[in-house]
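Here's the structure we're looking at; comments come further down.
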Amino acid sequence: QHPQHPRLPLLACDAAALPFAQESFDLVMTAYGAVPFVADSAAVMREAARVLRPGGRFVFSTTHPIRWALPDVPGEAGLTVTSSYFDRSPYVEEDDQGRALYVEHHRTLGDRVREITAAGLRLVDLVEPEWPEDHKETWGGWSPLRGRLVPGTAIYVCERPPRTG
């Protein structure tokens, strides 16, 4: 173990029922890990708030919600809104027997902000990374064409307010 690179313990668990005591952490993070894949993402917000110490931060990333209004095709066709931004139906990929292999739950920006504040957290930043100029790859509907026009990722930086008095 390198002294400047400490090992951090990792644990696989249910993000809506964390196995930790209240106020155990200064920082809780998930990058495309839990939030978009849990039907009750408000429960994830409540759990993050519960395990954070006052003044602690919860940072998470999800697919930017504008993505769900656009078809999953690259090029010009992927720039035309074909679905309602307000349709909260999950995106589901199934196998040949109809079993769900991949499910991602859509929420609007307003939905996320309400989940955050209802959990007792404060949104301190919403980062929408811009497409890097040198990134030329296409993935699904994402390409330099779409990426230069709309964000693909939303990063929410939340804080459990410090105690006062």
Open item on the list: Could you tell me the ratio Rg/Rh of the chain? Both radii from Cα atoms, Rh via Kirkwood.
Closed with: 1.01
Task: Full-stretch length increase - Leu27, Val157 - with 0.36 nm per residue and alpha-carbon distance subtracted - done: 45.7 nm
TODO: Determine the per residue accessible area of the chain with all protein chains present and a 1.4 angstrom probe, expressed in square angstrom.
DONE: 61 Å²
- [ ] Order Thr82, Thr108, most accessible first, counting only protein heavy atoms with a 1.4 angstrom probe.
- [x] Thr82, Thr108
Task: Helix 109-118 vs. the chain, principal-axis angle (Cα, 0 to 90°, nearest 10) - done: 10 degrees
Task: Whole-Hz couplings from phi, Karplus 6.51/-1.76/1.60, listed for the range 62-78; x for Gly and Pro - done: 9, 4, 4, x, 5, 4, 6, 8, 10, x, 8, 9, x, x, 4, 4, x
- [ ] With the full set of protein chains in place, find how many percent of the accessible area of the chain is carbon and sulfur; take the probe as 1.4 Å.
- [x] 55 percent
- [ ] Have a look at Leu121, Gly152, Gly165 and report the one farthest towards the positive end of the charge dipole of the range 109-165, computed about the Cα centre with Cβ charges (Lys/Arg +1, Asp/Glu -1).
- [x] Gly165
- [ ] Bin width 5 Å, alpha-carbon pairs only: give the P(r) of the range 38-119 as whole percents, running from 0 to the bin holding the largest distance.
- [x] 3, 13, 19, 19, 17, 13, 9, 5, 2, 0
Open item on the list: I need the shape label for the range 94-162. Rule: rounded when a/c is under 1.5, else prolate if a/b > b/c, else oblate, with a, b, c from the alpha carbon gyration tensor.
Closed with: oblate
TODO: Rounded to the nearest 10 degrees, what's the angle between the helix 41-51 long axis and the longest principal axis of the chain, both from Cα atoms, 0 to 90?
DONE: 30 degrees
Open item on the list: Please list 3J(HN,Hα) in residue order for the range 10-15, calculated via the Karplus relation 6.51 cos²θ - 1.76 cosθ + 1.60 where θ = phi - 60°; whole Hz, with x for glycine and proline.
Closed with: 10, 9, 8, 7, 6, 5
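So if I place +1 on the C-beta of Lys and Arg and -1 on the C-beta of Asp and Glu, and nothing else carries charge, what would the dipole magnitude of the range 55-165 be about its Cα centre? I want it in debye, nearest 20.
Approximately 700 debye in magnitude.
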Task: Rg and Dmax [Cα atoms of the range 1-44; Å; Rg one decimal, Dmax integer] - done: 13.0, 40
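Would you calculate, for the chain, the mean residue ellipticity at 222 nm contributed by helices, counting each DSSP H stretch of 4 or more residues as -39,500 (n - 2.57) and dividing by all residues, to the nearest 500?
-4000 deg cm²/dmol
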Task: Between the range 115-133 and the range 31-69, the Cα center-to-center distance that results, in Å - done: 10 Å
- [ ] Could you please put Leu8, Leu123, Leu149 in sequence from largest to smallest accessible area, using a 1.4 Å probe?
- [x] Leu8, Leu149, Leu123
Open item on the list: If amide hydrogens are placed 1.01 Å from N in the peptide plane, which non-local residues have theirs closer than 5 Å to the one on Gly56?
Closed with: Arg160
Task: Charge sum, other residues only, whose C-beta stays under 13 Å from Tyr156's C-beta, Lys/Arg counted +1 and Asp/Glu -1 - done: 0
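The values are calculated or read from the model by the stated rules, or taken from the named source; none is laboratory data. Computed from a predicted structure; not experimentally measured. We place every Cβ from the backbone using ideal geometry, glycine too, and count neighbours over all the protein chains shown. Protein only, heavy atoms only, side chains kept; ligands, DNA and RNA dropped before computing areas. Shrake-Rupley method; radii C 1.70, N 1.55, O 1.52, S 1.80 Å.
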